[in-house]
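Just so it is clear, none of the values below were taken in a lab; they were calculated from the coordinates. What you see is a predicted model, and the numbers here were worked out from it, not measured in a lab. Every residue, glycine among them, receives a Cβ derived from its backbone with ideal geometry; neighbour counts consider all protein chains shown.
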Amino acid sequence: MYVKILSASVLGIEGRMIEVEVNICSGLPQVAVVGLPDTAVRESVERVRAAIQNGGMKFPMDRITINLAPADLRKEGSAFDLAIAAGILCASGQVDPMLLEDTLFIGELSLNGTIRNVPGVLPMTELARSTGIRRIVVPRAAVAEASLLPGIEVFGISSLVEWINGFTDDDDAPSDSRQEIGRHSRRMSKNQANGAPNEGELDLSDVIGQEKGKRALLIAASGMHNLLFVGPPGTGKTMLCRRLPTLMPPLDDEEALAVTKIYSVCGKLGNAPSGLIRHRAFRAPHHTISAAGLIGGGSIPKPGEVTLAHHGILFLDEMPEFSRICLEALRQPLEDREVTIGRARGVCRFPARFMLAASMNPCPCGYNGGGPGDRPCTCTPTAITRYRARMSGPLADRLDLQVELPRQTIKPGSTSGMTSAEARHIVKSAADRQKARYAKHGLHWNSQLHGPLLSRYARLSSDAEMLLQQVYEQLGLSFRAHDRILKMSRTIADLADREAIRSEDVAEAISYRFLDQAAE
């Protein structure tokens, strides 16, 4: 007997429909899995066999052929276990085939028949809804995640026997209750948006002094501009960058769904997600990370840190300590806002719209350029040149704000300035202004402006244009640096609640191009 069951896999961060075809015919007992399965899929036969037998049912002693279609797409993972088990039971006449109608099955089987969670349930559920499938059967632990999307009936089961019995056990939540779990999750996620990320843990007021650094932080958060702090050890570079998430507004619905899908694919939502992710990510990889770990990769490409930082912040502490391969690999995602990874069997594209925040010392010992009374630098000119050359000019050109932080002379215990809550209010006002301005263009931030839109929305007055032109010639800026100064000027004007960009806005934006000025 032949049956067909719907399941799904994940390619990149998007769901992909997989048809699980099961055919049972007379012959020597054998199970063949075809359709480019990986090791985990081939081993599913033994998991399914034990789960069926331990559930009190009979595993057919016939020739069983399982095809995963489309056959030219490589299949990986254990998400097909439940669909394979359901197909075998239906093809052998032990279960009513009506239980398979218009239903998508996702789940990994244990040997005793219980259902384990798998990564990527959210994008698979989104795929099922978009293709018109009415219901989806998932592990009980994934019900809250699958129910984040309305418009599809979600059934959560904890064992294979539970599905066979048609969800009739008294301890099973009915369908409307499971849908209520999803509604409750969405309400919780909306409530989370009213709170501040890391509230009660990190605050901008923890940083004493460094007013220029705080101002740069405010501009970066308001326009999603890339940021680099340069200064000796202990000046607060890392402290400032780690407080960036506390200044950022929460993710809107579209952004939250995109970020939650990424974390679902990577298996980082946890066993009981409480709703869409609303707080912006802050990813801080160690400098020993590989290029594949940073950008993404693998024989079947997986997202890297730049994708996990989507709509959030990627922080590179001591940036020159990262390998040159990793740093140069950042150039494309910083420009295109996505990562394209090509393999023999196809191309995967991962979103990577993140803010790059980084810190570095001025030299290997960290004390170059200090003033009177500061610790003297022990580095040779050659060592300093070699150290700074670890970050190439094209990469430095993509850093909007390049801010030098000097050693502070303020005594410990001095009063601090603006709190994160106050700064977040200012940033949100500027962000709302940008969102309203670019609503018809599908943009959210000034850093996304390009081409005609930049000329239209970052138009300068005659004196501001003259100032920028003089600095452009004097410092030998590139066209990219010129445009990034325009975008920063637009953000500075938004922080002042002004539509017009003044010469003082341009002058402040220019003052944040430390590396360009140092190279003069």
With θ set to phi - 60°, apply the Karplus curve 6.51 cos²θ - 1.76 cosθ + 1.60 along region 430-437 and write out the HN-Hα couplings as whole Hz, x wherever there is a Gly or Pro.
-> 5, 5, 5, 4, 5, 4, 5, 5
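Starting with the highest mean, order 146-159, 298-311, 25-38 by the number of other Cβ atoms within 10 Å, averaged over the residues of each peptide.
298-311, 146-159, 25-38
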Exposure-ranked with fewest Cβ neighbours within 10 Å first, Trp163, Trp445 stand as Trp445, Trp163
For region 380-393, in order, what is each residue's ³J(HN,Hα) by Karplus, 6.51 cos²θ - 1.76 cosθ + 1.60 with θ = phi - 60°, in whole Hz (x at glycine and Pro)?
-> 7, x, 5, 5, 5, 4, 5, 5, 6, 6, 5, 9, 5, x
Report, in degrees rounded to the nearest 10, the 0 to 90 angle that the Cα long axis of helix 211-223 makes with the longest principal axis of the chain.
-> 40 degrees
Could you tell me which of Ala128, Ile384, Phe315 has its Cα farthest along the dipole of the chain towards the positive end, charges placed at Cβ (Lys, Arg +1; Asp, Glu -1), taken about the Cα centre?
-> Ile384
Using helices alone, what [θ] at 222 nm do you get for the chain, with -39,500 (n - 2.57) per DSSP H run of 4 or more residues, divided over all residues and rounded to the nearest 500?
-> -11000 deg cm²/dmol
Compare the peptides 497-507, 478-488 by average per-residue count of other Cβ atoms within 10 angstrom and give them in order, highest first.
-> 478-488, 497-507
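Could you work out the local net charge near Asp317, counting Lys and Arg as +1, Asp and Glu as -1, over the other residues with Cβ closer than 10 Å to its Cβ? It would help to have the intermediate numbers written out before the result.
Numbers: positive: Lys237, Arg242; negative: Glu318, Glu321.
Here the count lands on 0.
May I ask which of Lys214/Lys237; Lys75/Lys302; Lys237/Lys428; Lys261/Lys302; Lys212/Lys237; Lys268/Lys428 have a Cα-Cα span longer than 20 Å here? Walk me through the numbers before you get to the answer.
On the way: Lys214/Lys237 10 Å; Lys75/Lys302 14 Å; Lys237/Lys428 23 Å; Lys261/Lys302 13 Å; Lys212/Lys237 12 Å; Lys268/Lys428 28 Å.
The answer is Lys237/Lys428; Lys268/Lys428.
In which sequence would Phe354, Phe59, Phe322 go, from the one with the fewest C-beta neighbours within 10 Å to the one with the most?
On the way: Phe354 26, Phe59 20, Phe322 23.
Ranked by crowding around the Cβ, least crowded first: Phe59, Phe322, Phe354.
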In square nanometres and to one decimal, what's the mean projected area of the convex hull around the Cα atoms of region 204-442?
-> 15.5 nm²
Amide H contacts under 5 Å for Arg343, placed H, 5+ residues apart = Cys348
Among Met61, Met418, which comes first, second and so on when ranked by fewest other beta-carbon atoms within 10 Å?
-> Met61, Met418
Would you please give the residues with an amide H less than 5 Å from that of Leu316, counting only those at least 5 places away or on a separate chain, with H modeled from the backbone geometry?
-> Ala357, Ala358, Ser359
Debye, to nearest 20: dipole size of the chain, +1 on Lys, Arg Cβ, -1 on Asp, Glu Cβ | 840 debye
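Determine, for each peptide in 16-23, 330-337, the mean count of other beta carbons within 10 angstrom over its residues, then list the peptides with the highest first. Don't skip to the answer; put the middle values down first.
Values: 16-23: 19.4, 330-337: 17.1.
Packing proxy ranking, top to bottom: 16-23, 330-337.
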With the charge dipole of the chain built from beta-carbon charges (+1 for Lys and Arg, -1 for Asp and Glu) about the Cα centre, the Cα from Thr246, His286, Leu149 projecting farthest to the positive end belongs to His286
Amide H of Glu338: which non-local residues (sequence gap of 5 or more, or other chain) have their own amide H closer than 5 Å, using H built in the peptide plane?
-> Ala352
With +1 at each Lys and Arg Cβ and -1 at each Asp and Glu Cβ, the charge dipole magnitude of region 204-442 around its Cα centre, to the nearest 20 debye, comes out at 180 debye
From the backbone phi of region 20-36, what are the Karplus-calculated ³J(HN,Hα) couplings (6.51 cos²θ - 1.76 cosθ + 1.60, θ = phi - 60°) in whole Hz, Gly and Pro given as x?
-> 9, 9, 10, 10, 10, 9, 6, x, 4, x, 7, 10, 10, 10, 10, x, 6
